[in-house]
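The values are calculated or read from the model by the stated rules, or taken from the named source; none is laboratory data. This is a predicted model, so every value here is computed, not measured. Every residue, glycine among them, receives a Cβ derived from its backbone with ideal geometry; neighbour counts consider all protein chains shown.
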Ligand SMILES: Cc1cc2nc3c(=O)[nH]c(=O)nc-3n(C[C@H](O)[C@H](O)[C@H](O)COP(=O)(O)OP(=O)(O)OC[C@H]3O[C@@H](n4cnc5c(N)ncnc54)[C@H](O)[C@@H]3O)c2cc1C
């Protein structure tokens, strides 16, 4: 049995919670307030307080249960994850966060994974760990296959989920600007998996160059990067540094003077979206690296 002090503390806490989150319930709280002490009964009995406390809890529980809206967020990338964090433990919403991976991937460092400078685990953050203490968010690891905006449902294969609000934060795919040749002959870099594929291919080509030390060495070592935006510039700069720093140490059998790094850009300058000064600095810097 709770003491009078404990009950009063709980009642105060619940009332403050109602004031803050559900002020529309306050008139009902007033009606429910237990009788005040009288001459015959100077103290409000504990049982009265306990009943009042139970009623308050029950009212808030019932109300929030029925008032809660269900939000489905598709995609736990930068946008989806940020929103899910904002709504985490929000009293008015239940959240279902759906992603095809069970981890958030930090895309700005894909290039480091691709260049074997970071492990995939360094840039992958398991969603279930991030939200393990959440009271209102559940995670589904699956690829969303259909959205029905008439019935407000999201389909994952044969399963269907109802939503009150839907947020689609599924990111972007690589834009090849209609160039089929590039699309079919290159690696994209839009996921940790893609970055690992690039890394494995790169390392395998170095091994092949050692095994077959003949005319194909230059071909095995040389790399073409398409796109002179931030990622292409970062990638080619890192490769150029590796060419002189780490690769000759790790592959002493190979002559990295034979390694050519081509950075192809369709527009007249690198980093076209940035200031002209950044564009020319990047070009000079990369050319100096060799
Ligand atoms: C290599 C690279 C480097 C970058 N560097 C920078 C940088 O330095 N600074 C910067 O500000 N920005 C950078 N960006 C851009 C930045 O990463 C994106 O702008 C940002 O990730 C977009 O966020 P988003 O939430 O819209 O999509 P994303 O972060 O791409 O997230 C989309 C999520 O949706 C999931 N998903 C997609 N389809 C489905 C489906 N059908 N069902 C379930 N889940 C699905 C994906 O698995 C993914 O988790 C970089 C991008 C790349 C590719």
Seminar exercise, completed: Note on residue 207: of the conditions (1) over 20 Å from residue 262 (Cα atoms); (2) in the same structural domain as residue 253 (by TED's automatic domain parsing); (3) touching a strand residue (DSSP E or B) at 6+ places or on another chain (Cβ under 9 Å), unmet is (3)
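How many of the residues in segment 160-186 are out of contact with any strand residue (DSSP E or B) (no Cβ under 7 Å at 6 or more places or on another chain) and surrounded by 11 or more Cβ atoms within 10 Å (Cβ to Cβ)? Walk me through how you get there before you give the answer.
Here is the first cut: in segment 160-186, the ones out of contact with any strand residue (DSSP E or B) (no Cβ under 7 Å at 6 or more places or on another chain) are 171-181, 183-185.
If we keep only those that are surrounded by 11 or more Cβ atoms within 10 Å (Cβ to Cβ) too, we end up with 171, 174, 176, 179, 183.
Total meeting the criteria: 5.
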Seminar exercise, completed: Being away from the ligand (no atom under 16 Å from the Cβ) and surrounded by 15 or more Cβ atoms within 10 Å (Cβ to Cβ) narrows 259, 189 down to just 259
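State whether the residues of segment 164-172 include one that is closer than 22 Å to residue 94 by Cα, more than 14 Å from the ligand (Cβ to nearest atom) and out of contact with any helix residue (DSSP H, G or I) (no Cβ under 8 Å at 6 or more places or on another chain).
Start the filter on segment 164-172 by keeping residues that are closer than 22 Å to residue 94 by Cα, which leaves 164-170.
Narrowing the set further to residues that are more than 14 Å from the ligand (Cβ to nearest atom) leaves 164-165.
With out of contact with any helix residue (DSSP H, G or I) (no Cβ under 8 Å at 6 or more places or on another chain) added as a condition, the list becomes 164-165.
Yes, segment 164-172 contains at least one residue that is closer than 22 Å to residue 94 by Cα, more than 14 Å from the ligand (Cβ to nearest atom) and out of contact with any helix residue (DSSP H, G or I) (no Cβ under 8 Å at 6 or more places or on another chain).
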For this session: Scan segment 197-208 and give yes if some residue there is surrounded by 15 or more Cβ atoms within 10 Å (Cβ to Cβ), within 11 Å of the ligand (Cβ to nearest atom), at pLDDT 95 or above and not in a strand (DSSP E or B), otherwise no.
Result: yes
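Residues of segment 142-163 being in a loop (DSSP other than H, G, I, E, B), within 13 Å of the ligand (Cβ to nearest atom) and without any contact (Cβ under 8 Å) to a residue 24 or more places away in the chain, which ones?
If we filter segment 142-163 for residues that are in a loop (DSSP other than H, G, I, E, B), which is where we start, we get 142-145, 149-152, 157-158, 163.
From the residues that got through so far, the ones that are within 13 Å of the ligand (Cβ to nearest atom) too are 142-145, 157.
Matches in segment 142-163: 145, 157.
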Exercise. Residue check: is residue 138 away from the ligand (no atom under 13 Å from the Cβ), assigned to a strand (DSSP E or B) and over 18 Å from residue 83 (Cα atoms)?
Worked result: no
Problem set entry | residue 166, sole failed condition from (1) assigned to a helix (DSSP H, G or I); (2) in contact (Cβ under 8 Å) with a residue 12 or more places away in the chain | (1)
